[in-house]
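Remarks on the structure that follows.
The values are calculated or read from the model by the stated rules, or taken from the named source; none is laboratory data. Every value quoted in this text rests on a predicted model; they were computed, and no experiment measured them. All Cβ positions, glycine included, derive from the backbone under ideal geometry; neighbour counts span all protein chains shown.
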Amino acid sequence: MTSHSQLESGHTLERKSDLLVVADPDALAQEAAKRVVAIAEEAVTRRGRFTVALAGGSTPKRLYSLMAADPHCTRLPWRETHLFWTDERPVPPEHPDSNFGMVRATLLRRVPIPADQIHRMQAERADLDAAAGEYEAEIAGTFVTQPPDEPPAFDLILLGLGTDGHTASLFPYTPALREIRRWVTPDYIPALKANRLTLTTPILNRATTILFLVSGVEKAAALLAVLEGPLDPERLPAQLIRPVAGRVVWLVDQAAASQLSEKVS
Ligand code: 6PG
């Protein structure tokens, strides 16, 4: 089970996170792009490298396109950047549902990132357990300075929010929510009748910065439940995202924020 501190029953733990409400999807992508560039520049200055795990789905598409165009493209340190994914569908890169394929189309084809610094999740493989283990080894190999058993700290992890409160491929009432050792795990999602590969809370919650991107009125109820409702992470997996030492920034547009009691912008 998830550690006690995350499941103090009956209490809504103080969730330390920043919430920024912006006008619309374009403003969301612009604000996110500015923050990605700032985090990347600082990471390279401090550690000579920028490690980021990318969200899938449709919300981040605008952001990835902005990152591939000026002014952001020339400011991003592509030679020092390592791209990972937070999760992947059980399809090859050419499939329209592929998160890798979406990033390749919006970003990878237009930026000078070295090919061996693009770390694709091979979720199309028959043996997803092996694929998960190999991806974990690929992560460990990139962060060579870490103690081998301690999850490394990504400089940035981008996450979305599903209408059911899922994030990455951590879906309600699935075993992956309770994974406290593996950094990457396969999971069968009954609601989708499909397998997924996903990063797990041990590695997600080690990130230095987690940036949630949430857009659209269809996300308003889930966002309200996650941010202002009682703590119920089995039902609302996005509530599991509480970095140990890092920070969470919720970048949301007005439509998604329309049911929140507090308005911060
Ligand atoms: C995925 C994502 C997933 C996504 C949410 C929101 O593989 O689908 O990682 O967690 O972020 O489902 O998706 P949209 O941005 O398409 O609404």
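The table for this structure:
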{"quantity": "Neighbours by Cβ (under 7 Å, 6+ apart or cross-chain): first from segment 22-42, closer than 8 Å to ASP253 by Cα; second assigned to a helix (DSSP H, G or I)", "calculated": "VAL22/LEU28; VAL22/GLU31; PRO25/ARG62"}
{"quantity": "Residue tally, condition in a helix (DSSP H, G or I) and either within 12 Å of the ligand (Cβ to nearest atom) or in contact with a strand residue (DSSP E or B) (Cβ under 9 Å, 6 or more places away or on another chain) (or both), over segment 178-188", "calculated": "0"}
{"quantity": "Selection status of PRO92, more than 28 Å from ASP187 (Cβ to Cβ), modelled with pLDDT of 95 or more and either among the polar types (S, T, N, Q) or part of a loop (DSSP other than H, G, I, E, B) (or both)", "calculated": "no"}
{"quantity": "Some residue of segment 180-201 being basic (Lys, Arg) and closer than 16 Å to GLY56 by Cβ", "calculated": "yes"}
{"quantity": "Among the candidates THR167, THR174, THR200, residue that is in contact with a Ser or Thr (Cβ under 6 Å, 6 or more places away or on another chain) and at negative phi", "calculated": "THR200"}
{"quantity": "Selection count where residues are under 21 Å from ALA257 (Cβ atoms) and within 15 Å of the ligand (Cβ to nearest atom), scope segment 189-224", "calculated": "14"}
{"quantity": "Search result, residues across segment 215-234 that are part of a helix (DSSP H, G or I) and not small (Gly, Ala, Ser)", "calculated": "VAL217, GLU218, LYS219, LEU223, LEU224, VAL226, LEU227, GLU228"}
{"quantity": "Subset tally (residues that are within 25 Å of VAL184 (Cα to Cα) and within 16 Å of the ligand (Cβ to nearest atom)) for segment 38-62", "calculated": "10"}
{"quantity": "One residue from ALA238, ALA207 being under 13 Å from the mean Cα position of the chain (by Cα), surrounded by 16 or more Cβ atoms within 10 Å (Cβ to Cβ) and not in a helix (DSSP H, G or I)", "calculated": "ALA207"}
{"quantity": "Flag for LEU66 being more than 16 Å from the ligand (Cβ to nearest atom), of a type in the set (A, V, I, L, M) and out of contact with any Gly (no Cβ under 6 Å at 6 or more places or on another chain)", "calculated": "no"}
{"quantity": "Cβ-Cβ under 6 Å pairs, at least 6 apart or on other chains, segment 129-143 side β-branched (Val, Ile, Thr), far side at pLDDT 95 or above", "calculated": "THR142/HIS82"}
{"quantity": "Residue pairs meeting the criteria (Cβ under 9 Å; at least 6 apart or on separate chains; first of a type outside the set (Ser, Thr, Tyr), in segment 152-171; second near the ligand (Cβ under 6 Å from one of its atoms) and not in a loop (DSSP other than H, G, I, E, B))", "calculated": "LEU159/THR167; GLY160/THR167; LEU161/THR167; ALA168/ASP87; LEU170/ASP87"}
